[in-house]
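The values are calculated or read from the model by the stated rules, or taken from the named source; none is laboratory data. None of the values given here were measured: they were computed from a predicted structure. Note: ideal-geometry Cβ built from the backbone for every residue, glycine included; neighbour counts use all protein chains shown. Calculation scope for accessible area: heavy atoms of the full protein, side chains included, ligands and nucleic acids excluded. Shrake-Rupley method; radii C 1.70, N 1.55, O 1.52, S 1.80 Å.
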Amino acid sequence: VESESGDLVLSRDGVGVALFSIDKPLRDDAADAVAALKSAGLSVSLASGDHRAPALEAARALGIQDVHFGCTPEAKCDLIRSLQAAGERVVMVGDGINDAPVLAAADASIAPSNGALLAQTNADLILLGDKLRPVVTAIRLSRATMRIVRQNLAWAVGYNATALPLAVVGMVPPWLAAIGMSASSLVVVLNALRLNRLNP
């Protein structure tokens, strides 16, 4: 039987005869990853199947205020759906078998490579290794990618809206239009290459 503190109690005829305290250490970089996510403007929540005491202890160590303990997979899915209904986009990180349906319900989901195979099957991304810092890198990279995509689209629309009418009415010679189109493509490529600076 699991006690409220998360320890396991061995009993005989309803009488406890042994207490097993199981240590569940946090990942080495978990606290740093949570701090980096917060500094990036994200809200971090902990949804755990553990009892109140171990869940709150883990949350304190990680600096997480929003804690949900004793959660079944259904309760975790309900939590995600309530956040989505409020307009939030949810990224779920989980490594257990019970996390599989929750990973599938999130907008984006991440599982470490040393987690349960079922969790990895339902995740959108799989972390190589046991570190959580790549989660922060992935979010920053995705934000930068979308920012550059918008910049490139704005450039392409602006260039074509200006250059094509001039070429059609003959104000721009064909050779200059060809050079301009190649230069425009080069600008887009060079802008996209700026993402390389975000590699850890």
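In contact (Cβ under 8 Å) with a residue 12 or more places away in the chain, over 22 Å from ALA33 (Cα atoms) and in contact with a strand residue (DSSP E or B) (Cβ under 8 Å, 6 or more places away or on another chain): does that describe ALA156?
no
The C-beta contact set for the stretch 184-195 (first residue open to solvent by 70 Å² or more (accessible area, probe 1.4 Å), second residue in a helix (DSSP H, G or I), distance under 7 angstrom, 6+ apart or interchain) comprises ARG194/ILE148.
Consider the stretch 27-58 and keep the residues that are farther than 18 Å from GLY115 by Cα and of a type in the set (Asp, Glu). The one that is farthest from the chain's Cα centre (by Cα) is GLU57. Identify, please: which residue in the stretch 18-44 is open to solvent by 60 Å² or more (accessible area, probe 1.4 Å) and part of a strand (DSSP E or B) and is, among those, nearest to SER142 (Cα to Cα)? The selected residue is PHE20.
Of all residues in the stretch 140-151, none are over 25 Å from LEU193 (Cα atoms) and open to solvent by less than 60 Å² (accessible area, probe 1.4 Å). Summed over the stretch 3-13, residues that are open to solvent by less than 80 Å² (accessible area, probe 1.4 Å) and modelled with pLDDT under 80 total 6. Residues in the stretch 69-85 that are assigned to a helix (DSSP H, G or I) and among the small types (Gly, Ala, Ser): ALA75, SER82, ALA85. If I filter the stretch 114-139 down to residues being under 17 Å from VAL102 (Cβ atoms) and out of contact with any strand residue (DSSP E or B) (no Cβ under 8 Å at 6 or more places or on another chain), which single residue comes out as surrounded by the fewest Cβ atoms within 10 Å (Cβ to Cβ)? Restricting to residues being under 17 Å from VAL102 (Cβ atoms) and out of contact with any strand residue (DSSP E or B) (no Cβ under 8 Å at 6 or more places or on another chain), the top hit is LEU117. The lone criterion from (1) open to solvent by 90 Å² or more (accessible area, probe 1.4 Å); (2) farther than 23 Å from ILE126 by Cβ; (3) assigned to a loop (DSSP other than H, G, I, E, B) left unmet by ASP50 is number (1).
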